[in-house]
Structure formats: C-alpha cells, structure tokens
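The values are calculated or read from the model by the stated rules, or taken from the named source; none is laboratory data. The structure presented is a predicted model; accordingly, all values stated were derived computationally and were not measured. Here the Cβ positions follow ideal geometry from the backbone for every residue, glycine too, while neighbour counts run over all protein chains shown. Note: accessible area is taken over every heavy atom of the protein model, side chains too, but ligands, DNA and RNA are not part of it. Shrake-Rupley method; radii C 1.70, N 1.55, O 1.52, S 1.80 Å.
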Amino acid sequence: MKKKIVDAAHLEQKTQIEKVINGMTFTKNFRSATAEEWYVFLPGYEDPRTGGAAGKAMIHYNLYGNRDVFINTTVILDDPALFRAEIHPLVYAIADELVNRLVGYADTLLSVHAGENSFDAEYKQNNN
C-alpha cells in the first residue's frame, strides 16, 4: 500500500524548528485594557536594524459584549532570514507557538507578516 501522507519538513528542518521553538522567549512591551505588545526573541534571528528582538506580537482584544469574539493577533517578524520561502514551516511553527503561549485557546484571527512567508489563519475553538 502506498503511503499517502507526505512529511513537509525534512529532519534538519524539524531539528531547526525544535531549536527555535524551545529557545523562543518574549517580553511584554506594552499593555492596555484592550491590547498587548510582546517582543519575540528567537535564537539565531534578530532585527537587523537594532540587533534586538526578531519580531513582535500584538494581541488586540475585542471586548464589546459579542459572544462570537475573536482576538486579533498580529505577528511581525523583522529578520529577513525568516522571509525565505523554504523556511515557511519554521515561520508557521513560530506563529502557532506564539498563539498557543500568548493567546491560549481563545478564538483568534492571526495575521503573520514575514515577507514571502506572510499568511493569515483562524483559530476557532470547537465547542462540541
């Protein structure tokens, strides 16, 4: 029987993803009643202009009483090394981990800005 599932990441890429995710740290830069901004530090990556955090995550809470509320999360990665198309699985893993750690299980609209690796996603909790 032919295997139908194809693994999208090579072993070297999986190792790199684990290293970056395990070494990822973040610090809160700003907080208000409706928003937070976090600096994201990734091992091996940095903002080329400042030499600091490789990116930022902005989390905006829509607290207007709507039961179908989504949290709007924007991730901006500043290191051009994260813009290369061949490392899209790494960028996706970074964004996914940021949503898991900073937003948790809330319904989330995600926008990632990382050059060619930019994408939008929706995280919706299954309420069954």
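Within 9 Å, Cβ to Cβ, of MET24, how many net charges do the neighbouring residues add up to if Lys/Arg are +1 and Asp/Glu are -1?
On the way: positive: ARG101; negative: GLU97.
In short, 0.
Over region 69-128, give the accessible area per residue in Å² for a 1.4 Å probe, as an integer. Write out the running numbers ahead of the final one.
Numbers: 3040 Å² over 60 residues.
Computed with neighbouring chains in place, this is 51 Å² per residue.
Determine which aspartates and glutamates satisfy two conditions relative to LYS124: a Cα distance under 14 Å, and not lying fewer than 8 residues away in the same chain.
Of all the aspartates and glutamates, those that pass the test against LYS124 - Cα under 14 Å, at least 8 places apart if same chain - are ASP68, ASP96, ASP107.
Test of understanding: express the Cα radius of gyration of the chain as a ratio to 2.2 N^0.38 Å, with N the residue count. Write out the running numbers ahead of the final one.
On the way: Rg = 15.9 Å, N = 128, 2.2 N^0.38 = 13.9 Å.
That ratio works out to 1.14.
Relative contact order (percent) for the chain, with alpha-carbon contacts under 8 angstrom and 6 or more residues of separation? Intermediate results must be reported in sequence, preceding the final value.
Details: 213 pairs, mean separation 23.9, N = 128.
In percent, rounded to a whole number, it is 19.
Carbon and sulfur: what percent of the chain's accessible surface (1.4 Å probe)? Walk me through the numbers on the way to the answer.
Values: 4390 of 8250 Å².
After summing per-atom areas, the C and S share lands at 53 percent.
Restricting to bridges with both residues inside the chain, how much of the DSSP beta-bridge set is antiparallel, in percent to the nearest 5?
Values: 24 of 31 bridges.
The antiparallel fraction comes to roughly 75 percent.
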